Amino acid sequence: MQPIAFCSRCRGMKVGYNKRYVFHCLLCRNWIPRTSKLLILSAVLLSFIFKYPVSTGVLLKDISQPEQGGVLEASFMPPVPESGQVASINELLARYGVDPSQRDRVAKAIAASSLKYKVDPKLVTSVVIVESGANPFAVSNSDAVGIMQIHLPTWGILADQQGINLFKIEDNADLGVRILSGYIKSYGVWGGVAHYLGQKDDPESRRAAAEYVQKVQKVYGINPPQYPIPDQATLQ
């Protein structure tokens with residue numbers, strides 16, 4: 001007959017190599033030091049965890065899809081625009097004869113930057129068409145470069161400090177939309193577009209900016225344009 005052991009904590013148990021008696025020997029008897037008991041107990045628990053794993057589906061879902069406003073809301077991945085939005089931008093670029101070999105890349109860059117800075121992608125596309133015809137190597141007489149014609153005397157130092165390649169479509173679009181977004185926040189949509197050109201307080205600058213805005217509005221689809229050109233009385 002197999003002997004029976006009794007413990008005030010573990011109660012009765014069969015003596016031998018069985019789980020209940022092993023735990024009793026580890027925890028209740030002074031076979032090994034306390035620190036070793038903890039290590040062995042941890043090892044036993046881990047063996048049970050690996051043998052009977054708990055599904056992590058809920059935990060993974062919680063991490064990958066954080067609630068709005070949570071700490072995990074910020075993402076290290078760039079925002080991904082919807083395919084329909086890219087197609088719409090592509091269609092507008094095609095309508096204005098943008099080089100087919102560059103068109104899809106320009107459309108994706110515009111869509112991503114617009115989503116990132118919360119600017120209307122159609123507005124950005126209209127600015128790109130007016131500024132450069134979406135030519136990534138365009139250089140103006142006033143030293144503005146790329147698809148969004150970033151003005152080097154104004155923004156060149158910033159681009160250099162941040163390692164921005166203004167002849168790279170994605171970099172140029174990102175900086176250009178960032179600049180445009182700042183102007184829109186300060187002056188409203190069309191006032192922001194006017195200041196993107198470089199509008200100043202003198203009458204000639206305001207006239208040039210107003211004409212520029214009307215060109216952008218025409219591409220955007222506002223007809224007739226809703227940004228008035230100053231009359232002669234205003235210019236005097």
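Structure above, values below:
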quantity: Electrostatic dipole magnitude of segment 162-236 [Cβ: Lys, Arg +1; Asp, Glu -1; Cα centre; debye, to 20]; calculated: 120
quantity: Rg/Rh ratio calculated on Cα atoms of segment 101-236 (Kirkwood radius); calculated: 0.97
quantity: DSSP-loop trypsin sites (Lys or Arg not before Pro) across segment 122-199, with at most 15 other Cβ within 10 angstrom; calculated: Lys168
quantity: Distant-in-sequence amide H partners of Ile150 (H built 1.01 Å from N, under 5 Å); calculated: Val145
quantity: Packing rank of 132-140, 212-220, where each peptide gets the mean count of other beta carbons within 10 Å, highest leading; calculated: 212-220, 132-140
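The numbers here are math on the coordinates, done by the rules we state, and not lab data. What you are looking at is a predicted structure, and each value in this text was computed from that prediction instead of being measured. With ideal geometry, Cβ positions are generated from the backbone for all residues, glycine too; neighbour counts draw on all protein chains shown.
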